[in-house]
Every structure is written in structure tokens, then in C-alpha cells.
Amino acid sequence: MRMNVKEYIIYTPEGVTIAPNDKCVVENCQVLGCALGGTPAEAIDALLRNNPWIAEAGFSREEFIVRQIM
């Protein structure tokens, strides 16, 4: 592993979550996963490459929020 590789968490405001009692829609973010990369863009590439369901589900890369895990 290269020394400059960092771990990132990637999430999005897209989509909705339904409360356990099914009575309301909860507005929050969806965690898509964690990935390694030298940059946030590389981490997104790795996440999408290893999780094709993300694109298949219709999530948009432009909406992703990426934060380095310290």
C-alpha cells in the first residue's frame, strides 16, 4: 500500500429513509461506504468499482460527500 493512501467515508443526501414504524419519512444522508484512495476522487472511483449497485440504484457521483477518516 502506498504511503499517501487514505481512507474516506462517502455518503449522499440522495434517497430517503423510512422510520421503523413506517409512519414518516426521515430526511438524512445515506452512507454508501468507505474506500481507500490517494485523493477523494480516487476513493470514489474505488467505491464505485467495487460496488456496482451504487450506480445501478441511481445514486449520482455529483451528490457524493467525501470525508477523510482520521
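Can you tell me the orientation of helix 40-50 relative to the chain, as the angle in degrees between its alpha-carbon axis and the longest Cα principal axis, to the nearest 10? The helix 40-50 is inclined about 70 degrees to the chain.
Nonpolar atom fraction for the chain, defined as the carbon and sulfur part of the 1.4 Å probe accessible area, stands at 56 percent.
Secondary-structure-derived ellipticity at 222 nm for the chain, considering helices only, amounts to -5500 deg cm²/dmol, per-run term -39500 (n - 2.57) for DSSP H runs with n ≥ 4. In terms of its C-alpha gyration tensor, the chain comes out prolate, because a/c is 1.5 or above and the ratio a/b outweighs b/c. Placing +1 on the Cβ of every Lys and Arg and -1 on the Cβ of every Asp and Glu, with nothing else charged, gives the chain a dipole about its Cα centre of roughly 260 debye.
Surface exposure of region 6-70, expressed per residue as accessible area with a 1.4 Å probe, stands at 67 Å².
The values are calculated or read from the model by the stated rules, or taken from the named source; none is laboratory data. This one's a predicted model, so the numbers in the text were calculated from it and none came from an experiment. Cβ atoms come from the backbone with ideal geometry, glycine included; neighbour counts cover every protein chain shown. With ligands, DNA and RNA removed, areas are computed over all heavy atoms of the protein, side chains included. Shrake-Rupley method; radii C 1.70, N 1.55, O 1.52, S 1.80 Å.
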